[in-house]
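Participant: Pasting a structure here, questions to come.
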Amino acid sequence: MSVVIRDVQPAEEFALDEPAGGSVDSLAPLEAVFREHYRRIVGMLSRLTGDPGRAEDIAAEVFCKLAHRPALFRLRNDPAAWMYRVAANAGLDALRVATRRRRNEAAAGVERLRTAAPEGALEDLLRAERQARVREALTALKPRDAQLLLLRAGDLSYREIAVALGVAAGSVGTLLARAEAEFEREYRSRYGGEL
């Protein structure tokens, strides 16, 4: 799946509104964090949800939450760990909702029509099915395991993952290996065969 992320600017409300008890100058840290992390968060969420539009919506919600928590800028120099944790949780929540919806639709006998082009239609269908299976297996994992896998798939370094999840940097490799093994076990128990 190819994800194209547009060059996005902070929403006008962030750039123009004055936060409660602050000045427009106090929004500079928010804008800097937005510019530094927005694309990466949207990319991570796009891979998770399979829907770039939904990923942008979730990322916008994360930055709105950050804008309403100015204390994060005072307590820490960089609120990125909080943002990635909130984004991962919001993405997993969206994935669970979509999985429940698909399950309910299937139970009600509603099938989605696929309008794939004749050429490569089978490959597209198989790829979409594999992605749906991976997403469903992710929703069955413990939240921290799913977050670990999601953050690593989002190209975060071990140090960044450690900060985001509040674990020791030296334990990230072990935790990731365990999460990957649990994911594989869950996937195989649901679908058998190769990953």
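Every number here is computed from the coordinates shown, using simple stated rules; none is lab data. Keep in mind it's a predicted model, so treat the numbers as computed, not measured. Ideal geometry is used to build each Cβ from the backbone, glycine not excepted, and the neighbour counts take in all protein chains shown.
Participant: Suppose the chain between Asn104 and Asn89 were pulled fully straight at 0.36 nm per residue; how much longer would it get relative to their current alpha carbon spacing?
Facilitator: Contour length minus the Cα-Cα distance gives 3.2 nm.
Participant: What list of ³J(HN,Hα) couplings, whole Hz, do you get for segment 90-104 from phi and the Karplus terms 6.51, -1.76, 1.60, once you set θ to phi - 60° and write x for glycine and proline?
Facilitator: 5, x, 5, 4, 4, 5, 5, 4, 5, 5, 4, 4, 4, 4, 5
Participant: Got a sec? How would Tyr158, Tyr84 order by Cβ neighbour count within 10 Å, fewest to most? Show your work: numbers first, answer last.
Facilitator: Working: Tyr158 17, Tyr84 25.
Final ranking by Cβ density, sparse to dense: Tyr158, Tyr84.
Participant: A follow-up question, please. Mind listing the phi-derived Karplus ³J(HN,Hα) values for segment 30-39, rounded to whole Hz, using 6.51, -1.76 and 1.60 with θ = phi - 60°, and x for any glycine or proline?
Facilitator: 5, 5, 5, 5, 4, 4, 6, 10, 4, 4
Participant: Need the full-extension length gain, Arg185 to Ala60, defined as separation in residues times 0.36 nm minus the C-alpha distance. One decimal, nm.
Facilitator: Contour length minus Cα-Cα distance gives 41.6 nm.
Participant: Arrange the peptides 167-180, 121-134 so that the one whose residues have, on average, the most other Cβ atoms within 10 Å appears first.
Facilitator: 167-180, 121-134
Participant: Another one. Explain nothing, just compute: Karplus ³J(HN,Hα) = 6.51 cos²θ - 1.76 cosθ + 1.60, θ = phi - 60°, for every residue of segment 172-184 in order, whole Hz, x for Gly and Pro.
Facilitator: Once rounded to whole Hz, the list reads 4, x, 5, 4, 5, 4, 5, 5, 5, 5, 5, 4, 4.
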